[in-house]
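For reference, the structure discussed in these notes is given below.
The values are calculated or read from the model by the stated rules, or taken from the named source; none is laboratory data. Keep in mind it's a predicted model, so treat the numbers as computed, not measured. Note that each Cβ is placed from the backbone with ideal geometry, even for glycine, and that neighbours are counted across all protein chains shown.
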Amino acid sequence: MAATTRAKPAPRLTYNVTGASRNAARKTILKGLLAYNSEKVGAARWHSVAVVLNDAKGRVLGGLSGWSGWGWMYIELFWLPASLRRQGHGRKLMALAEEEARKRGCVGIYLNTATFQAPDFYPKLGFKPYAVIDDFPPGHKTYFLVKRLD
């Protein structure tokens, strides 16, 4: 009589929804995504960037921060207090960020801004919109802008 081989039962999979983004699940997802991306386009060398405006005592008054990798710079955060706006500080901070992007060999810079933030500021610096999300946040729009440096 022939021996029968039983197939192993498939492992039981479950789905979970969590609000935590800096936990082990995020680390596992990030590690897997980075490995996959590296297989396809090579390892990224991500480098943080910050361009800040300081007072005479060296305290940070505002500025921008983000990172560069794969030949692009992303500006994640940009803020100046209301008392320092419309005086050329934002333009200077962006010029320094662009200079740093060029030093890093970046071909461009990208960012996003909402209608209640600075949607008219970035086009004056050569940024062009490439996407918009209506009603994000509700009653507003979020614009995604890019500036090529090459």
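From the residues in the range 12-49 that are among the small types (G, A, S) and not in a loop (DSSP other than H, G, I, E, B), which one is nearest to G66 (Cα to Cα)?
Our first condition is that a residue be among the small types (G, A, S); within the range 12-49, this holds for 19-21, 24-25, 32, 35, 38, 42-44, 48.
This time we only want the ones that are not in a loop (DSSP other than H, G, I, E, B), so: 24-25, 32, 35, 38, 48.
Working: A24: 24, A25: 24, G32: 22, A35: 22, S38: 21, S48: 6 Å.
Filtering first and then ranking leaves S48.
I'd like to check something: does the range 59-77 contain any residue that is in contact with a Cys (Cβ under 8 Å, 6 or more places away or on another chain), outside any strand (DSSP E or B) and surrounded by 14 or more Cβ atoms within 10 Å (Cβ to Cβ)?
Scanning the range 59-77, I find at least one residue that is in contact with a Cys (Cβ under 8 Å, 6 or more places away or on another chain), outside any strand (DSSP E or B) and surrounded by 14 or more Cβ atoms within 10 Å (Cβ to Cβ), so the answer is yes.
Being aromatic (F, W, Y) and more than 28 Å from L30 (Cβ to Cβ) is true for just one of Y110, Y143, Y122, Y130. Which residue is that?
Matching residue, one of Y110, Y143, Y122, Y130: Y122.
Going by the conditions given, is L145 touching a Pro at 6+ places or on another chain (Cβ under 6 Å) and part of a strand (DSSP E or B)?
yes
If you go through the range 64-101 one residue at a time, how many are closer than 29 Å to N37 by Cβ and among the small types (G, A, S)?
Total satisfying the criteria: 7.
Starting from residues that are crowded, with 16+ Cβ neighbours inside 10 Å and out of contact with any strand residue (DSSP E or B) (no Cβ under 7 Å at 6 or more places or on another chain), keep the ones in the range 87-102 and report whichever is nearest to Y74 (Cα to Cα).
Within the range 87-102, the match that is nearest to Y74 (Cα to Cα) is M94.
Would you confirm, using the coordinates I've provided, whether S83 is modelled with pLDDT of 90 or more and exposed (fewer than 10 other Cβ atoms within 10 Å of the Cβ)? It would help to see each step written out before you state the result.
Working: modelled with pLDDT of 90 or more: yes; exposed (fewer than 10 other Cβ atoms within 10 Å of the Cβ): yes.
Yes; evaluated as a whole, the condition is true for this residue.
Quick one: would you say G66 is closer than 19 Å to Q117 by Cβ, at pLDDT 95 or above, out of contact with any Gly (no Cβ under 9 Å at 6 or more places or on another chain) and not β-branched (V, I, T)?
Taking the combined requirement at face value, the residue satisfies it.
Given the conditions (1) surrounded by fewer than 12 Cβ atoms within 10 Å (Cβ to Cβ); (2) touching a Lys or Arg at 6+ places or on another chain (Cβ under 8 Å), and given that L30 satisfies all but one, which numbered condition is not satisfied?
Only one criterion in (1) surrounded by fewer than 12 Cβ atoms within 10 Å (Cβ to Cβ); (2) touching a Lys or Arg at 6+ places or on another chain (Cβ under 8 Å) is unmet by L30, namely (2).
Looking at the range 84-133 only, could you name the residues that are within 15 Å of V49 (Cβ to Cβ), more than 16 Å from the chain's Cα centre (by Cα) and not in a helix (DSSP H, G or I)?
R104, G105 - these are the residues of the range 84-133 that are within 15 Å of V49 (Cβ to Cβ), more than 16 Å from the chain's Cα centre (by Cα) and not in a helix (DSSP H, G or I).
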